[in-house]
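Peer 1: Have a look at this one.
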Amino acid sequence: MNTYFLQVFNGISVSSIFMLAALGLAVTFGLMKIINMAHGEFIMIGAYAAYIIQNIFSRYLPASIFDLYFFVAIPASFFLAGIFGWVLEKLIIRHLYGRALDSILATWGVSLVLQQLARSIFGAPNVDVKSPSWLNGALLVLPGLQLPYKRLFIMLLVIACMTAIYFLMYRSNYGRKIRAVMQNRAMAASLGINTRKIDACTFAFGSGLAGIAGCALTLLGSIGPTLGTNYIVDTFMVVVLGGVGSLWGTIAGGFLIGTGNTTLEFLTNATLGKVLVFTLVILFLQWRPKGLFTINSRSLDE
Amino acid sequence: MSVKTFLKTPSNKVFFVIVLLLLAAPLFLSVFRINLLGKFISYAILAMGIDLIWGYTGILSLGHGVFFGLGAYAMGMYLKLEAAHGKLPDFMAWSGLEKLPAIWAPFSNPLSLIFIVLIPAFLAAVIGYLTFKNRIRGVYFSILSQALSLIFVVLFIGQQAYTGGTNGLTSFRTMFGLPLAADNTKYLVYYAAVFLLFIVYLYCRFLIGHRFGKILIAIRDGENRVRFSGYDPAVYKIFVYISSAVIAGIAGAVFVPQVGIISPAEMGIVPSIEMVIWVAIGGRGTLIGAVIGAILVNGLKSGISESFPEVWSYFLGLTFIAVVIFMPEGLVGIVKKYAGRIAIRREKKDKTAEKAPSVN
Amino acid sequence: METVLEIKDLIISFDGFRAVNGVTTSVQKGEVRFFIGPNGAGKTTLLDAICGRVHPQHGSIIFNGDKNIMHYPEHKLVNIGIGRKFQVPSVFTSLSVYENMEVSVVKKRGIAASLFSEITEAQQEKINKVLTLVDLNNCAGKKAADLSHGQKQWLEIAMLLVQDLQLILLDEPVAGMGRRETTKTGELLRKIAQHCTVIVVEHDMEFVREFASKVTVMHEGHILDEGSVEQVQKNPKVIDVYLGRGGENCA
């Protein structure tokens, strides 16, 4: 039972990373109807940002403050991935509005380039990011059940980000503008909202979230140029399950996929678990073709 | 259809020329190159299948590697058993199996090659029914189809005793008793590939040449309008999905004897998207574009990535971005545009010369 | 007179909001019936229900006396004789005008028929006749994407006309049209009405006044009044609904 509980706990902490990455994806799709296949590469960028910060700390700064590097790494990942996102939006995404399927393809080209870029700069082999020492060890909950601090920290980090997103989206002027553009772009524009600017900022913000997710991932293992591709499909499944463009749906979807994955993998094996999750998602979509949380619209289609 | 009417359309003419060139290729290329070209032909077959569903019907499948792989594995299983001569295939013995698994048993019979077509068709029918009947479409379908390819890779790697795991199926020896390493067999396999390319092209032409093809395009343009015109789009989509999966399966089966190996790496997410790239670069919605795109991109790939593997990723990525954004009609689109301009200019000249009204 | 469409106690709600709230009405054969009312009155939702796009929570829609619309999937409704034109012109833009008509004219719509049977001569003639009627016979080879907004609307109407329908539903057929195009659409409407019953949702009151045989005024999901144009215009409740929102010109 304890092993199962630990599995589920680990599952939730990994899926909380998915949630963070998927939130960025959900917001950009809801806002611009763009599916960004390079989103996984922003996770990768965030992870490498953490790697760079770690290297700077270990090389140029006294060893005594090395453990603090992670607090610099988090915002650094956010901003670096955000800057890449902003540039991507300005250069490429803006040409793809209203072409959802094409956006998948073009952004996949972007991901190819970004991966190769990482390979050229950091080399193809994986690199390790050393976790700060205060995250080593585990919290003893019950005899035989220890929750690793790293994973607890990740969950706290995600909760903190979610809270920030909530306030940004539902309590700030900027969030009100985002939601206005999401619901009715033309109307928002005619009310004087600069929709182009909102798009670019939101895209950068979503990319930044993926960056933080990447930074968190460095705590769980080594990182490499293809880091993003390993997570992107799961992230997409989270978005599909939750309902594309819905924030609450994304959170619920992330939770379901994460716990579902670990539960089924625990009950069967890693391979079968993945297959079962996929089958369940397809079966679920039979019942609700547009995901858990749908936005009703009266437009015909197209 | 007579040869004459077939050659009336410009794209058929171009295709005919390509087939002639492919038939003549063994005269001036080495066996090694012919083998490579044969592989590209299998990709060209695959590309036509993808064009049917994506270019014509507007459904972006990011999981066609699965169907390609299933066809290839069916072929591979047959070749593997032929190579094993009634014994247990090598990798099974390594994984500790003692008896041939039940799913392998039928593949000792050449008739089992029908599975090359049946298995992809069955899978496409099930997936298509579950998604299209429920009107799951657009990006939702694309994402699900991508997950499909991830699942199959995981499944095939995980079930090592039955699939050969990461290494896949390899070290085939003979095909219908002919040694695969011999030059003559290689030529034979190559010509078989060209023949199948021709057959698949005719089949696709047949589909899109009739009202059926127009309905596919109509579904792409406005699925609901099609529905309110009295058609059931789901039935059409399932049919096209199956057709395109079967074509992919055939392509996989053509691939295996030329390349000598099939592994899960061929059916993953990355190759599945690359297949779409060929069609996009050649020109979606035109069969000839798919054929040209597949051969051209893969030709370039083996040319560039042999000597500069790094450059290739940048090149492919950037080309793809540029094509999708700036020339969504692909190479064929560009040619058509220029040909159109020339035709208009010529028409103008004709008109001023003869003052005869042209009838379309 | 023969009743073509019988709507009874219809209730349609989205997430608790009742877009159509207890509508009962019947449409007679040969009528040109207009549904009017302010935005959000439930007119388009009503059309959606008649063509099977949304499923009512309560009530019934009976076509031709014995056919319950809710028992038919959307694509089968054309077979029993109901067709719909959407608000935003939805024609197949990559196909030529003629091909658009070709896809619409056939009666057998299965895969085998689409692959093996050609258009008959009678069907070709029919297409040409209808294209002449909507003034598109000169553009038969043109791509639908290259048509003007008005021409697209007419093409969509033409696609309905070749289908031998008994009931045609038009959602704002003159929206976005100039005066001349509107008049032309009106004339077209008259010709259509000779063969079949038409239900129109429209905001253009001048258009309504000129072509309606009977008007149903809707407000917040239910029927406010029904009758001839003159009749409903005198109804104080109707005036209130319209004037309260700034007069009919703004409707």
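Peer 1: Select, from A:L217, A:L241, A:L209, A:L247, the only residue that is modelled with pLDDT under 85 and within 14 Å of the chain's Cα centre (by Cα).
Peer 2: Step by step, each of A:L217, A:L241, A:L209, A:L247 is checked, and only A:L247 is modelled with pLDDT under 85 and within 14 Å of the chain's Cα centre (by Cα).
Peer 1: Which residue is nearest to C:P173 (Cα to Cα), if the candidates are limited to region C:74-126 and must be assigned to a loop (DSSP other than H, G, I, E, B) and of a type in the set (S, T, N, Q)?
Peer 2: Applying the filter and picking the extreme gives C:Q87.
Peer 1: Then there is this: Go through region B:91-129 and report how many residues are under 24 Å from B:F176 (Cβ atoms), not in a loop (DSSP other than H, G, I, E, B) and not small (G, A, S).
Peer 2: Residues meeting the conditions: 14.
Peer 1: Taking strands (runs of 3 or more DSSP E) that fall entirely within region C:144-222, which contain at least 2 residues that are farther than 24 Å from C:N64 by Cβ?
Peer 2: C:214-219
Peer 1: Looking at (1) facing another protein chain (nearest Cβ under 8 Å); (2) surrounded by fewer than 21 Cβ atoms within 10 Å (Cβ to Cβ); (3) without any contact (Cβ under 8 Å) to a residue 24 or more places away in the chain; (4) not acidic (D, E), which is the one condition that is false for C:S94?
Peer 2: (3)
Peer 1: Would you mind telling me which numbered condition in (1) surrounded by fewer than 17 Cβ atoms within 10 Å (Cβ to Cβ); (2) out of contact with any Leu (no Cβ under 7 Å at 6 or more places or on another chain) A:I12 fails?
Peer 2: Going through the list (1) surrounded by fewer than 17 Cβ atoms within 10 Å (Cβ to Cβ); (2) out of contact with any Leu (no Cβ under 7 Å at 6 or more places or on another chain), A:I12 breaks only (1).
Peer 1: I need the full set of residues from region C:228-251 which are modelled with pLDDT of 80 or more and either out of contact with any strand residue (DSSP E or B) (no Cβ under 7 Å at 6 or more places or on another chain) or assigned to a loop (DSSP other than H, G, I, E, B) (or both), in order please.
Peer 2: Residues satisfying the conditions are C:S228, C:E230, C:Q231, C:Q233, C:K234, C:N235, C:P236, C:I239, C:D240.
Peer 1: Taking region A:140-199 only, how many residues are outside any helix (DSSP H, G or I) and of a type in the set (S, T, N, Q)?
Peer 2: The qualifying residues number 4.
Peer 1: Moving to a separate point now. Checking the condition touching a Gly at 6+ places or on another chain (Cβ under 6 Å) and either within 30 Å of A:V127 (Cβ to Cβ) or assigned to a loop (DSSP other than H, G, I, E, B) (or both), which residue from A:G208, A:G221, A:G253, A:G249 passes?
Peer 2: Step by step, each of A:G208, A:G221, A:G253, A:G249 is checked, and only A:G208 is touching a Gly at 6+ places or on another chain (Cβ under 6 Å) and either within 30 Å of A:V127 (Cβ to Cβ) or assigned to a loop (DSSP other than H, G, I, E, B) (or both).
Peer 1: Still on this model: When you look at B:T170, is it within 24 Å of the chain's Cα centre (by Cα), more than 10 Å from chain A (Cβ to nearest Cβ) and within 30 Å of A:W108 (Cβ to Cβ), yes or no?
Peer 2: yes
Peer 1: Same structure, new question: Please go through region C:74-91 and pick out each residue that is of a type in the set (V, I, T), more than 7 Å from chain B (Cβ to nearest Cβ) and under 20 Å from B:V235 (Cβ atoms).
Peer 2: If the condition is that a residue be of a type in the set (V, I, T), more than 7 Å from chain B (Cβ to nearest Cβ) and under 20 Å from B:V235 (Cβ atoms), then C:I80 is the only one that fits.
Peer 1: Which condition number in (1) part of a helix (DSSP H, G or I); (2) more than 21 Å from the chain's Cα centre (by Cα); (3) within 12 Å of chain A (Cβ to nearest Cβ); (4) not polar (S, T, N, Q) is the one that B:I215 fails?
Peer 2: With (1) part of a helix (DSSP H, G or I); (2) more than 21 Å from the chain's Cα centre (by Cα); (3) within 12 Å of chain A (Cβ to nearest Cβ); (4) not polar (S, T, N, Q) applied to B:I215, the lone miss is (3).
Peer 1: Now for a separate question. Would it be correct to say that A:S111 is touching a residue at least 60 places away in the same chain (Cβ under 8 Å) and either under 25 Å from A:M37 (Cα atoms) or over 18 Å from the mean Cα position of the chain (by Cα) (or both)?
Peer 2: Yes; evaluated as a whole, the condition is true for this residue.
Peer 1: Specify the residue that is surrounded by the most Cβ atoms within 10 Å (Cβ to Cβ); the eligible residues are those in region B:118-167 that are over 22 Å from the mean Cα position of the chain (by Cα) and more than 9 Å from chain A (Cβ to nearest Cβ).
Peer 2: Here the answer is B:G164.
Peer 1: Can you name every residue in region C:125-153 that is within 13 Å of chain B (Cβ to nearest Cβ) and free of Cβ contacts under 8 Å to residues at least 12 places away in the same chain?
Peer 2: Selection gives C:N138 alone.
Peer 1: I'd like the full set of residues that are basic (K, R) and either in a strand (DSSP E or B) or touching a Phe, Trp or Tyr at 6+ places or on another chain (Cβ under 8 Å) (or both), limited to region C:49-73.
Peer 2: Listed by number, the list holds a single entry, C:K67.
Peer 1: Follow-up. Only one of these is under 16 Å from C:G150 (Cα atoms) and either in contact with a helix residue (DSSP H, G or I) (Cβ under 6 Å, 6 or more places away or on another chain) or of a type outside the set (V, I, T) (or both): C:E187, C:E206, C:E220. Name it.
Peer 2: Result: C:E187 is the single residue among C:E187, C:E206, C:E220 that is under 16 Å from C:G150 (Cα atoms) and either in contact with a helix residue (DSSP H, G or I) (Cβ under 6 Å, 6 or more places away or on another chain) or of a type outside the set (V, I, T) (or both).
Peer 1: Could you tell me how many of the residues in region A:88-139 are within 14 Å of another protein chain (Cβ to nearest Cβ), in a helix (DSSP H, G or I) and loosely packed, with under 13 Cβ neighbours inside 10 Å?
Peer 2: Count: 2.
Peer 1: If I filter region A:140-150 down to residues being surrounded by 13 or more Cβ atoms within 10 Å (Cβ to Cβ) and farther than 30 Å from A:R59 by Cα, which single residue comes out as farthest from the other protein chains (Cβ to nearest Cβ)?
Peer 2: If we take residues in region A:140-150 being surrounded by 13 or more Cβ atoms within 10 Å (Cβ to Cβ) and farther than 30 Å from A:R59 by Cα, then A:V141 is farthest from the other protein chains (Cβ to nearest Cβ).
Peer 1: Now a separate question. Tell me yes or no: at least one residue of region B:285-294 is under 20 Å from B:V17 (Cβ atoms), hydroxyl-bearing (S, T, Y) and outside any helix (DSSP H, G or I).
Peer 2: yes
Peer 1: Counting only residues that are at negative phi and assigned to a loop (DSSP other than H, G, I, E, B), which one in region A:224-246 is nearest to the other protein chains (Cβ to nearest Cβ)?
Peer 2: Looking at the filtered set, the residue picked out is A:V244.
Peer 1: Condition test on A:S77, is it touching a residue at least 40 places away in the same chain (Cβ under 8 Å), of a type in the set (S, T, Y), closer than 24 Å to B:L316 by Cβ and touching a helix residue (DSSP H, G or I) at 6+ places or on another chain (Cβ under 6 Å)?
Peer 2: Judged against the criteria, A:S77 is not a match.
Peer 1: Here is a further query. Name the residue, out of B:K87, B:K80, that is buried (at least 19 other Cβ atoms within 10 Å of the Cβ) and either in contact with a Leu (Cβ under 6 Å, 6 or more places away or on another chain) or not in a helix (DSSP H, G or I) (or both).
Peer 2: The match here is B:K80.
Peer 1: Let me ask another. Would you check which residues across region B:20-57 are of a type in the set (S, T, N, Q) and outside any helix (DSSP H, G or I) and list them?
Peer 2: B:S30, B:T57 - these are the residues of region B:20-57 that are of a type in the set (S, T, N, Q) and outside any helix (DSSP H, G or I).
The values are calculated or read from the model by the stated rules, or taken from the named source; none is laboratory data. Remember, predicted model here, so these are calculated numbers, not experimental data. Don't worry about glycine lacking a Cβ; one is built from the backbone with ideal geometry, like all the others, and counts go over all protein chains shown.
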